[in-house]
Amino acid sequence: MAGGDAAMNEELTGIHAVADTLGITPRTLRLYEDKGLIHPVRVGNNRAYSHRDIVRMRLILRGKRLGFSLREIQEFLDLYSSDPGQDEQMRTLAERCRSRIDALNLQRQALEQTVAELEELEQTALAHRCKGGR
């Protein structure tokens, strides 16, 4: 009961204020609610977000910005909730970070190769144009 009382006394924030704070739209918040990643309470017909929901949204947005899938983000959030010492969460996070770093490094190499090829093509085209009398 005491936990419930604490939740009842927690400060809640409306959807528009949370969206503004996080720099997202209310629709984005509703999407993550629909996906089961956050659980706002209802006050009448309105959604109200706890501090925990806002922290979770920050983690979700950071995960998306870093390129993690919603499934991976859900796993991190679940581990966070179930692993108070955060040992398992940190191990899993480190593994996923390494995997993402490796994938991004491969993408960077491919991009660098593509840019080099395009620059070479550009130079060939410019040289050809100059030889054409212009």
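Read-outs throughout are calculated quantities, based only on the coordinates presented, and are distinct from any laboratory measurement. Model, not experiment: these values are computed from the prediction. Heads up, the Cβs are rebuilt from the backbone with ideal geometry, glycines too, and the neighbour counts pull from every protein chain shown.
Using Cβ point charges alone (K and R +1, D and E -1), the dipole size of the stretch 1-82 about the Cα centre works out to roughly 360 debye. Report, in whole Å, the centroid distance computed from the Cα atoms of the stretch 56-134 and the stretch 5-54. What the calculation gives is 29 Å, centre to centre. Let me make sure I get this right: for the stretch 85-134, a, b and c are the square roots of the gyration tensor eigenvalues over alpha carbons, sorted descending. Under 1.5 in a/c it's rounded, otherwise prolate if a/b > b/c, else oblate. Which is it? Prolate, since a/c reaches 1.5 and a/b exceeds b/c.
Per residue, the average separation of C-alpha pairs within less than 8 Å and at least 6 apart gives the stretch 1-82 a relative contact order of 26 percent.
Assign one of three labels to the chain, namely rounded, prolate or oblate, based on the Cα gyration tensor with a ≥ b ≥ c the square roots of its eigenvalues; rounded applies when a/c is under 1.5, prolate when it is not and a/b is larger than b/c, and oblate otherwise. It comes out oblate by the Cα gyration axes. For the peptides 23-35, 52-64, the ranking by mean Cβ contacts within 10 Å, running from highest to lowest, is 52-64, 23-35.
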